[in-house]
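Have a look at the structure below before the remarks.
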Amino acid sequence: MTIQVGVIGTGFGARVVAPVFAATPGCRVVDVVSARDDAGVVSLCENVDVDLICVHSPPFLHASHVRRAISTGHAVLCDKPFGLDANQAQTLLAAAEAADCLHLVNFEFRCDPTRALVRDLIADGTIGEPEHVQWTHLSAGSRQPLRAHGWLFDRQAGGGWIGAWGSHAVDFLRWAFGDVVEATARCRTTIAERPDAAGHAQRCDAEDGFNATLRLTGDVTVAIDSSFAAPVSLAPRLVIVGREGVLECVADARVVVRSADGRRREFETAVDGDRHLEPMRRWAEVVRDTVHDGIGPVGAPTFADGLACARVLDQLRAGGA
């Protein structure tokens, strides 16, 4: 059986998602439509030959597109951040459960080889009981060159770096360590105005950086410092401190484990081009098999994970911009 895939979104959906599914054995991409093409979205969702609708529209359109896909009986893969906030995420989860449809959230980095390795090393006790996590991710992605104003810099539209990058970070923390018990953040907007498509300056009211502190199950503490508007990009660095050692992950490619007894182990993963591609390739295979079988493997992120993440993001956003 070939899984017929429809994609809503001509940004990440057209650039990464559609080509990956098109290259995945057992999948066929039927169409890619613009998130703002209402007629195209309706036509795609009403196509009875489609098995899976991938919603990669901006967050402020997630609710309408997910509901449309659910109402026409399709399995749904929705991008993150899942909806505008936890309240909306809750209604979408309830709608999917009422319709008894297969629902997934695009936390593709669970399939990143390096992050999967980090999780496995934590789980097998390589560094002992986890105590603290420090995560630094500084990117010049919206500053060099200056990115034009759009929904990403509009809080009401679901923009902001907490949703764009923080959602992946929160999902990894939940996946690797357990539930988030407490979360606070100090948000910042480094670039207050950006030109729109016509060259007119528009105010930015969504954060382009944040500092966060979290507490996880087992009393694991977390400190995050991240920006999308740094003057230069630095290799992201994830440090996990355990009772018996420290694990350091640099650039999502190199993992070094240092034990209290002086031992040192190093692992290297090749990263070729767009960092989304390899995780998305592996995730697409999981999605394909899930749609084919009608049930996902343990650990496949669903709308329930999207809701749990959204609740944490709401707490972080409360720090203000």
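The values are calculated or read from the model by the stated rules, or taken from the named source; none is laboratory data. Here the structure is a predicted model, which means the values were calculated and not measured. Here the Cβ is made from the backbone with ideal geometry for all residues, glycine too, and neighbour counts use every protein chain on show.
Filtered by the rule that a residue be surrounded by 22 or more Cβ atoms within 10 Å (Cβ to Cβ) and more than 16 Å from C101 (Cβ to Cβ), the range 45-57 gives H56, S57.
Regarding F172, is this residue within 25 Å of H56 (Cβ to Cβ), part of a strand (DSSP E or B) and aromatic (F, W, Y)? Taking the combined requirement at face value, the residue does not satisfy it. Taking the conditions exactly as written (under 17 Å from the mean Cα position of the chain (by Cα), over 30 Å from D124 (Cα atoms) and among the hydroxyl-bearing types (S, T, Y)), does S227 satisfy them or not? Yes; evaluated as a whole, the condition is true for this residue. Listed by position, the strands (runs of 3 or more DSSP E) inside the range 27-146 whose residues that are of a type in the set (D, E, K, R) and outside the structural domain of V246 (by TED's automatic domain parsing) number at least 2 are 27-33. All conditions in (1) among the basic types (K, R); (2) over 30 Å from D100 (Cα atoms); (3) surrounded by fewer than 20 Cβ atoms within 10 Å (Cβ to Cβ) hold for R311, with the sole exception of (2). I'd like to know if the range 140-161 contains one or more residues that are surrounded by fewer than 22 Cβ atoms within 10 Å (Cβ to Cβ), under 20 Å from the mean Cα position of the chain (by Cα) and over 19 Å from F60 (Cβ atoms). Yes. Taking the criterion of being touching a strand residue (DSSP E or B) at 6+ places or on another chain (Cβ under 6 Å) and either among the acidic types (D, E) or surrounded by fewer than 18 Cβ atoms within 10 Å (Cβ to Cβ) (or both), the residues of the range 263-291 that qualify are R264, R265, E266, F267, E268. Scanning the range 182-209 for residues that are buried (at least 16 other Cβ atoms within 10 Å of the Cβ), assigned to a strand (DSSP E or B), in contact with a Gly (Cβ under 7 Å, 6 or more places away or on another chain) and not aliphatic (A, V, I, L, M) turns up C187, R188.
Using the structure shown, decide if A69 is closer than 24 Å to R282 by Cβ, in contact with a helix residue (DSSP H, G or I) (Cβ under 6 Å, 6 or more places away or on another chain) and at pLDDT 95 or above. In short, yes.
Return yes or no: is A235 touching a strand residue (DSSP E or B) at 6+ places or on another chain (Cβ under 9 Å), without any contact (Cβ under 8 Å) to a residue 60 or more places away in the chain and not in a strand (DSSP E or B)? Taking the combined requirement at face value, the residue satisfies it.
Could you grab me the full set of residues in the range 241-295 that are part of a strand (DSSP E or B) and aromatic (F, W, Y)? Within the range 241-295, F267 is the sole residue that qualifies. Taking the range 241-259 only, how many residues are out of contact with any strand residue (DSSP E or B) (no Cβ under 6 Å at 6 or more places or on another chain) and either modelled with pLDDT under 95 or under 17 Å from W135 (Cβ atoms) (or both)? Counting residues in the range 241-259 that are out of contact with any strand residue (DSSP E or B) (no Cβ under 6 Å at 6 or more places or on another chain) and either modelled with pLDDT under 95 or under 17 Å from W135 (Cβ atoms) (or both) gives 3.
Output the qualifying pairs, or none if there are none: Cβ atoms under 7 angstrom, residues six or more apart or on different chains, first residue in the range 147-176 and over 14 Å from R119 (Cβ atoms) and touching a residue at least 60 places away in the same chain (Cβ under 8 Å), second residue in a helix (DSSP H, G or I) and among the β-branched types (V, I, T). Correct list of pairs: V170/V312. Restricting the range 152-168 to residues that are in contact with a Leu (Cβ under 9 Å, 6 or more places away or on another chain) and either of a type in the set (A, V, I, L, M, F, W, C) or in a strand (DSSP E or B) (or both), the residue that is farthest from G242 (Cα to Cα) is A157. With respect to the conditions (1) over 16 Å from H292 (Cβ atoms); (2) not in a strand (DSSP E or B), F21 falls short on a single one, namely (1).
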